[in-house]
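Peer 1: Just passing along the structure, written as structure tokens.
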Amino acid sequence: MRSGIGQLLLDAVSLKINAVAIDNVNQPFDYDGKQLRVRLLKPTTEAPITLLICYRAEQPKRGMYFISPTEHYPDKPVQAWTQGEDEDSRFWFPCFDYPGQLATSEIRVCVPKSFLAISNGELITTEEVGEEKIYHWQQKQVHPTYLMTLAVGEFAEICDGWNNITVNYYVEKAREADGRRSLEKTPRMLAFLSEKYGYPYPYPKYAQVCVADFIFGGMENTSATLLTDRCLLDERASLDDKRTESLVVHELAHQWFGNLVVIKHWSHAWIKEGMASYAEVLWVEQEYGQEEAAYYLLNEARSYLAEDASRYRRPIVTHIYREAIELYDCHLYEKGACVYHMIRVILGEELYDKAIHTFVQDHAHKTVETIDLLRAIDKATGYNLTFLFDQYVFRGGHPDYQVAYGWDGDSNLAKLTVTQTQAKDSEQGKDLFDLKLKIAFGYVEDGEVDLKVFSLRIHEREQSFFFPLEAKPDFISFDVGNSLLKTVTLDYPLPELQAQLLHDPDPVSRIYAAETLGKKGGLEAVNTLSESLESDRFWGVRLEAAKQLAKIKLDQAECALMKGLEDSHQQVRRAAIEGLGEFKSEKSYQALKARLELGDRSYYTEAEIARSLGKLASGHLRDKQAEILKILKQVLAERAGWNEVVRSGAISGLAQMKTVAEAADIILEYTNLGVPQALRLSAIRALGSVSTGQTPDKLEFILERLEILAGEGFFLTQAAVSSALSMMETPKAITLLQALAAQTPRRPRASPSRRSDRQSAKEPGV
């Protein structure tokens, strides 16, 4: 304790403060509803003091949430749970609510005997008092207040373990099988991450508590992660839903990055969120192989690139924000993961692991900033990666490469011209990136591929490189291994693109070729994409081939997509179904209708069929509207199931029928209270899409309905209303959005996983 302190300032929002005492002596205090200022009768000395605050928290608006049955949802469980990130712990106890302030924590909670209470650290004692039970939890290692948690409910406890660490899963009773199915890989993940980070799991237990109505996908509270119960998979969902697995390993990775090594300021949250997102990639590589991991990372990059292109561009590390939660976007998660991958590529596997081990070991139970990661890399490996951080972390953007190839047969010279096309950063006045990457010239003979690999430094607006080769290459692979976060436009002749798609060993390079062929169009492109869809060994490339075929409006492309309906991988089938929905032909309609009648082992595939059928009800298939409405109503009546995925697909299909009044009416029916919550939220969101083609009277009715729904206090309902309003093409929607923002106490994370969530990408079943 520092001596001479005359007052203490604590964060405390909307609490009822009755008294404050030190050593049983009441202290004067001031409280404005946001901060508690304690005026000490005696200034502090170096001796520790014990501060006692007598207070009440009644129905807090944030921080702690109470779930219970209602008139319309009588089967909802009775639960209480907390959510502290970013600065919401202040809503349920007075504290220093900032990540750089670390402390041990302890909680004693009294609940009815039939309830379990789970919190951070070790369970010290339990004590029965009449019909109640007192749980005493203690977290002996320091951590920030946003990671302090409490979850109470009549949970079933599933006991597991790893390396003398208690590993327990808590789920609603009667869902034990789903809990084991969804969380059973946790011990193996603990072993994997302990080795990967060079530091054994640092806490006495690891609990995962699946709670109802959780506002995010998951939250990595120290040793006691909370997860949405929507992540629990039934047997059919487990066949093709891997998002739960990604969510589990993401939150577990935070036990090291975020909880053991704590960010000093919110501006540096990418250190933890980027690593937790990259842990998803690492686990996919460990569990499913390098091609799966490469494709996973590509989609992480795509999420960031979409946000950069459509919403805003910012440095990963920035001190410009209104609320810390605004930083939790795709720049933080997905771009952060890509930065960790680039570090790994530059250093190599052995030195990368050494750098991460050094960082974790040197800063365990301490706070860090981005510079500490740079210093750890330098200390462990001798590499100075300031150049990478300056370009990708401390400034916004990424390189946009345009790559042109030509062959001089007289001189046996390959010419590669690389142009950086990105615009200059308006704030920092910088536009060019200075980076090294590898390119390869591929030769195909008797099915075998030989690569001639070269390293390039690209640092100017336009650079041309000449390569003397023994023979003309069959294809060219730019950025071998997809090491850099970037966009690429390929200007290659058609034969080289065809060979690249069919023969390049790198799945991401094959995908780049597929994208370029899709833009070129034409029958030759269709034939090559069709061959890829039928024969590529990796499902991710087949999926991308299907997506590109959907962009080429030729009968042959439609026929090729028909073959994709029989693919062994459910995500390829879904891509083929979605593509056929773009053709709006009688042939596609009959094929999708038959597939829906037949059914599919994947919930998501059935949902995509229903959605695509709705898309078909336009143009010269307008006469099918009544029949499609009947089909979608039948799906809504008969295909309830896990997280309402299939019926939500039918709602999405109805939302595609923008000019059909009956479609809007059906969606409106499913926004009523009593409709299963997941389906109701889908219907609320769908109102935004279906409204764009409705008559003025119907549009006005939809706006009135959304205004009523916005008055509900339930956070997920308000988020769905916000989503619907954001899609509407009327100024009145803006007025309602402004009113909703003013009344909503809890703002959602900007990013989708996660986490993402990361509400959509990282939240299973949504």
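Peer 1: Relative contact order (percent) for the stretch 570-684, with alpha-carbon contacts under 8 angstrom and 6 or more residues of separation? Don't skip to the end; give the middle numbers.
Peer 2: Details: 154 pairs, mean separation 26.7, N = 115.
Relative contact order of the stretch 570-684: 23 percent.
Peer 1: Now for a separate question. So if we plug the beta-carbon distance of Asp446 and His569 into 1/(1 + (r/R0)^6) with R0 = 35 Å, what FRET efficiency do we get, rounded to 0.05?
Peer 2: Efficiency, from the Cβ-Cβ distance: 0.80.
Peer 1: Starting from 0.36 nm per residue, how many nanometres of slack lie between Asp32 and Ala661 once their C-alpha separation is accounted for?
Peer 2: This chain segment gains 221.3 nm when fully extended.
Peer 1: Figure the gain on full extension for Thr318 and Gln7 (residue separation times 0.36 nm, minus the Cα-Cα span) and round it to one decimal in nm.
Peer 2: 108.8 nm
Peer 1: Filter the trypsin sites (Lys or Arg not before Pro) in the stretch 273-340 down to the DSSP loop ones having no more than 15 other Cβ atoms within 10 Å, then list what survives.
Peer 2: Values: sites: Arg302, Arg311, Arg313, Arg322, Lys335; in loops: Arg311, Arg313, Arg322.
Qualifying residues, ordered by number: Arg311, Arg322.
Peer 1: Computed FRET efficiency, Cβ-Cβ of Glu122 and Ala423, R0 41 Å: what is it to the nearest 0.05?
Peer 2: E between Glu122 and Ala423, to the nearest 0.05, is 0.15.
Peer 1: Sort Cys559, Cys338 by Cβ crowding within 10 Å, fewest neighbours at the top. Could you put the intermediate results ahead of the total?
Peer 2: Numbers: Cys559 13, Cys338 28.
The order, fewest Cβ neighbours first, is Cys559, Cys338.
Peer 1: With charges only on Cβ, +1 for K and R and -1 for D and E, what is the dipole size of the stretch 262-392 about its Cα centre, in debye, rounded to 20?
Peer 2: So the magnitude is around 540 debye.
Peer 1: Give me the number: length gained by fully extending Met562 to His136, i.e. 0.36 nm times residue separation minus the C-alpha to C-alpha distance, one decimal in nm.
Peer 2: 147.3 nm
Peer 1: For Leu598 and Asp378, FRET efficiency with R0 = 51 Å and r from the beta-carbon atoms, rounded to 0.05?
Peer 2: Taking R0 as 51 Å, the efficiency between Asp378 and Leu598 is 0.30.
Peer 1: Could you work out how far apart the two model spin labels at Glu235 and Phe467 are, taking each label as a point 7 Å from the Cα in the direction of the beta carbon, and quote it in nm?
Peer 2: 5.2 nm
Peer 1: Charges at C-beta only: +1 for Lys and Arg, -1 for Asp and Glu. How large is the resulting dipole of the chain about its Cα centre, in Debye rounded to 20?
Peer 2: 1620 debye
Peer 1: Still on this model: For the stretch 666-741 and the stretch 587-604, what is the centre-to-centre distance using only Cα atoms, to the nearest Å?
Peer 2: Each part's Cα centre sits 29 Å from the other's.
Peer 1: Which stretch or stretches of the stretch 211-246 have amide N atoms under 16 Å from the point lying 7 Å from Val78's Cα along the Cα→Cβ direction?
Peer 2: 212
Peer 1: Continuing with the same structure: With volume of the Cα convex hull per residue in Å³ as the read-out, I listed (i) 191; (ii) 445; (iii) 177; which label goes with the value calculated from this structure?
Peer 2: (iii)
Peer 1: Here's another thing I want to ask about it. Name the residue from Val403, Gln422, Ser310 whose Cα lies farthest towards the positive end of the charge dipole of the stretch 301-423, charges +1 on Cβ of Lys and Arg and -1 on Cβ of Asp and Glu.
Peer 2: Ser310
Peer 1: Among the trypsin sites (Lys or Arg not before Pro) in the stretch 74-146, which ones are in a DSSP loop with at most 14 other Cβ atoms within 10 Å of the Cβ? Mind listing them?
Peer 2: Lys113
Peer 1: Which whole-number percentage describes the relative contact order of the stretch 281-410, with Cα contacts under 8 Å and a sequence gap of 6 or more?
Peer 2: For the stretch 281-410, the relative contact order is 26 percent.
Peer 1: May I pose another question? Quick one: if you stick a label point 7 Å off each Cα along the C-beta vector at Thr104 and Ala626, how many nm between them?
Peer 2: In this crude spin-label approximation the distance works out to 7.6 nm.
Peer 1: Sort 79-89, 183-193 by packing, meaning the average of other beta carbons within 10 Å per residue, with the highest value first.
Peer 2: 79-89, 183-193
Peer 1: What net charge is computed for the residues neighbouring Leu632, neighbours being all others with C-beta under 15 Å from the C-beta of Leu632, Lys and Arg scored +1, Asp and Glu -1?
Peer 2: +1
Peer 1: Counting only helical runs of four or more DSSP H residues, what would the 222 nm mean residue ellipticity of the chain come to if each run contributes -39,500 (n - 2.57) and the total is spread over all its residues?
Peer 2: Mean residue ellipticity at 222 nm (helix-derived): -12500 deg cm²/dmol.
FYI, it's all coordinate maths here, none of it is from the lab. If you're wondering where the values come from, they're calculated on a predicted model, not measured in any experiment. We place every Cβ from the backbone using ideal geometry, glycine too, and count neighbours over all the protein chains shown.
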